There are 2 protein chains.
Amino acid sequence: MNWLDEINWDENGLVPVIAQEHGTNKVLMFAWMNREALAETNSTKQAVYWSRSRKKLWRKGEESGHVQTVHDIRLDCDEDVILLSVEQAGGIACHTGRHHCFFKILHNDQWRIDQPVIKNPEDIYKPVA
Amino acid sequence: MNWLDEINWDENGLVPVIAQEHGTNKVLMFAWMNREALAETNSTKQAVYWSRSRKKLWRKGEESGHVQTVHDIRLDCDEDVILLSVEQAGGIACHTGRHHCFFKILHNDQWRIDQPVIKNPEDIYKPVA
């Protein structure tokens with residue numbers, strides 16, 4: 001049996017994906033993959049997601065250079081969630097220029113930002129000349 | 001503004017939730033919450049999810065005793081994913097009796113189980129007499 005067939009893809013042919021930093025175990029980001037994205041992620045060892053807003057493959061880092069090198073790929077008990085362990089190029093996983101996307105923490109019923117911007121997004125995503 | 005109103009709930013009124021172990025940062029499980037579940041999670045500091053299959057609140061550990069005490073609640077950049085840091089009672093988050101749900105790892109294009117069963121599920125979920 002093909003390992004991709006063992007995944008319980010949702011009604012849109014997608015599976016939720018958690019990307020975790022190899023070594024620290026920090027959760028960097030959350031995204032989605034379709035079958036093609038997961039197959040390419042495994043064959044290239046570079047994280048490829050499915051962009052639901054752009055409706056196309058999203059090769060993480062293709063614009064920013066902040067690629068994710070995949071250390072291992074895990075599947076959960078219900079076979080419907082993927083967990084990646086990755087090495088994050090540039091130490092920046094978030095499009096806001098932060099290390100990870102979960103930079104808002106609830107404190108006294110208010111969301112507070114507790115992670116610094118490492119690089120200005122305008123310097124990450126340079127317009128094509 | 002109410003902190004719950006800042007969350008981008010999906011078309012079903014849900015948000016995906018990642019539960020991570022406080023201290024080790026291991027990802028224990030993935031589930032969903034509705035507004036009521038997240039509000040109760042914050043007020044009680046015990047993880048409460050929304051069971052999509054049973055269509056009701058799922059107070060984690062209500063049958064097994066494997067409750068999750070919430071250390072902190074994080075929100076991502078797009079305000080549509082929650083990350084919980086929790087202390088896992090019994091050290092068992094998965095209904096299979098394992099520490100966490102991501103016990104299948106891809107190796108040579110095959111899923112392999114690399115985590116032991118800590119407690120037999122039949123001993124966790126005892127039938128009501």
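Sequentially through the range B:107-118, phi angles give Karplus couplings (6.51, -1.76, 1.60; θ = phi - 60°) of 9, 6, 6, 9, 7, 10, 7, 10, 10, x, 7, 7 Hz, Gly and Pro residues having no value and appearing as x.
Sorted shortest first, the separations between the B:Gly91 label point and its copies elsewhere in the assembly read 3.4 nm; each point sits 7 Å from Cα along the Cα-to-Cβ line.
For the range A:65-80, putting each phi into the Karplus relation 6.51 cos²θ - 1.76 cosθ + 1.60 with θ = phi - 60° gives couplings of x, 8, 6, 10, 8, 8, 8, 8, 10, 10, 10, 8, 4, 8, 6, 9 Hz, in residue order, rounded to whole numbers and with x for Gly and Pro.
Ligands, DNA and RNA excluded, the heavy atoms of B:Tyr125 present near 80 Å² of accessible surface to a 1.4 Å solvent probe. What the Cβ-Cβ distance of A:Gln115 and A:Glu40 gives, at R0 = 41 Å and to the nearest 0.05, is a FRET efficiency of 0.90. Helical content of the protein assembly as shown, expressed as a calculated mean residue ellipticity at 222 nm, amounts to -2500 deg cm²/dmol (DSSP H runs of 4 or more residues, -39,500 (n - 2.57) each, divided by residue number, nearest 500). Computed with a 1.4 Å probe over protein heavy atoms only, the accessible area of B:Glu36 comes to about 110 Å². Chains A and B together bury roughly 3300 Å² of accessible surface, counting both sides and using a 1.4 Å probe on protein heavy atoms. Here the protein assembly as shown exposes an accessible surface that is 46 percent carbon and sulfur, computed with a 1.4 Å probe and the other protein chains kept in place. Taking the Cα centre of chain B as reference, the dipole from Cβ charges on Lys and Arg (+1) and Asp and Glu (-1) amounts to some 620 debye.
Over 28 Å between C-alpha atoms is what I'm after, so list which of A:Lys55/A:Lys126; A:Lys45/B:Lys119; A:Lys56/A:Lys119; A:Lys26/A:Lys119; A:Lys56/B:Lys60; A:Lys45/A:Lys119 land there. Correct reply: A:Lys45/B:Lys119; A:Lys56/B:Lys60. Where chain A is rotated onto chain B, the residue of A whose Cβ comes nearest the axis, and that gap in whole Å, is A:Asn25, 2. Over the protein assembly as shown, accessible surface divided per residue gives 50 Å², non-protein components excluded, 1.4 Å probe. Comment: the Cα-to-Cβ extended label point of B:Ile113, at 7 Å, lies 4.5 nm from its counterparts in the other copies, nearest first.
Backbone phi angles across the range A:33-48, fed through the Karplus curve with coefficients 6.51, -1.76 and 1.60 (θ = phi - 60°), yield HN-Hα couplings of 10, 9, 4, 5, 5, 5, 4, 5, 4, 6, 6, 9, 6, 10, 5, 10 Hz in residue order; Gly and Pro are listed as x.
Remark on B:His71: its backbone amide H falls under 5 Å from those of B:Ser85, B:Val86, B:Glu87, a criterion applied only to residues 5 or more positions apart or on other chains, H modelled at 1.01 Å from N. Under a model in which nothing but the beta-carbon of Lys, Arg (+1) and Asp, Glu (-1) is charged, the protein assembly as shown shows a dipole of about 160 debye around its Cα centre. Annotation: amide H-H contacts under 5 Å for A:Ile118 (H modelled 1.01 Å from N, sequence separation of 5 or more, or interchain): A:Arg98, A:His99. Label-to-label distances for A:Ala39 across copies, nearest first, come out at 4.6 nm, using points 7 Å from Cα in the beta-carbon direction. Note: relative contact order over the range A:2-68, using C-alpha pairs below 8 Å and six or more positions apart, is 20 percent.
Only counting protein heavy atoms at a 1.4 Å probe, give the residues of the range A:66-83, ordered by number, whose accessible area falls by 30 Å² or more when the other protein chains are present relative to the chain alone. Flagged in the range A:66-83: A:Ile73, A:Arg74, A:Leu75, A:Asp76, A:Cys77, A:Val81, A:Leu83.
The values are calculated or read from the model by the stated rules, or taken from the named source; none is laboratory data. These numbers were taken from a predicted model, which means no experiment stands behind them. Neighbour counts are summed over all protein chains in view; Cβ atoms, including those assigned to glycine, are modelled from backbone coordinates with ideal geometry. For accessibility, only protein heavy atoms count, side chains too; no ligands or nucleic acids. Shrake-Rupley method; radii C 1.70, N 1.55, O 1.52, S 1.80 Å.
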